[in-house]
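The values are calculated or read from the model by the stated rules, or taken from the named source; none is laboratory data. The structure displayed is predicted, hence computed values, not measured ones. Ideal geometry is used to build each Cβ from the backbone, glycine not excepted, and the neighbour counts take in all protein chains shown. Remember, those area values only see protein heavy atoms, side chains included, never the ligands or the DNA or RNA. Shrake-Rupley method; radii C 1.70, N 1.55, O 1.52, S 1.80 Å.
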Amino acid sequence: MYREIKFRGKHDSSSPWIYGCKIVIDGINAILCGRVSWIDGSELSCRYWNWVVSKSLGQFTGLKDKNGVEIYEGDFLQSANGDMIVEVWYSGEKCAFMGEIVNPPSDMVDFLSCFEPETMIVVGNNFDNVDLLEKTK
């Protein structure tokens, strides 16, 4: 079984996403990068590593949304009818990607595949779009 294992992260809040392999140098997260993707969709090939903000680091889930956009840990997915936003995260306890309904506020958590992410769309992530995270504690 082939599974593409890759990560993305940002050097800072204004930098483009950096995609590649996660490495840790002196306890600090970095991406050994294969490509950089700018907000306008253009890409730049690169062959170097770059420090990334740990909070921005997310692993590819192996899944894509209904528009073919790759889904990463930390992404927000919106249901087809727009009534629900789900945050994607990884559970080390269950060794699986999970989905948690964050809007409307809910305690609902399940395996990501149970939310049928292929019918949803990526609308942001928990690094760039914290305003979408309206979870109540």
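List the pairs whose first member sits in the stretch 1-22 and is closer than 12 Å to S54 by Cα and assigned to a loop (DSSP other than H, G, I, E, B), whose second member is among the small types (G, A, S) and open to solvent by less than 30 Å² (accessible area, probe 1.4 Å), and whose Cβ atoms are under 7 Å apart, counting only residues at least 6 apart or on separate chains? The qualifying pairs are K10/S56. Here F76 meets each of (1) among the aromatic types (F, W, Y); (2) open to solvent by 20 Å² or more (accessible area, probe 1.4 Å); (3) over 16 Å from K6 (Cα atoms) with one exception, condition (2). Does F7 fit the bill of being under 16 Å from the mean Cα position of the chain (by Cα), among the hydrophobic types (A, V, I, L, M, F, W, C) and modelled with pLDDT under 95? It is true that F7 is under 16 Å from the mean Cα position of the chain (by Cα), among the hydrophobic types (A, V, I, L, M, F, W, C) and modelled with pLDDT under 95. Annotation note: Cβ proximity below 8 Å between a residue of the stretch 52-77 that is among the small types (G, A, S) and a residue that is exposed (fewer than 14 other Cβ atoms within 10 Å of the Cβ) and part of a loop (DSSP other than H, G, I, E, B) (sequence gap 6+ or interchain) occurs for G62/R3; G62/E4. The set of residues in the stretch 79-104 being of a type in the set (D, E, K, R), surrounded by 16 or more Cβ atoms within 10 Å (Cβ to Cβ) and free of Cβ contacts under 8 Å to residues at least 40 places away in the same chain consists of E100 alone.
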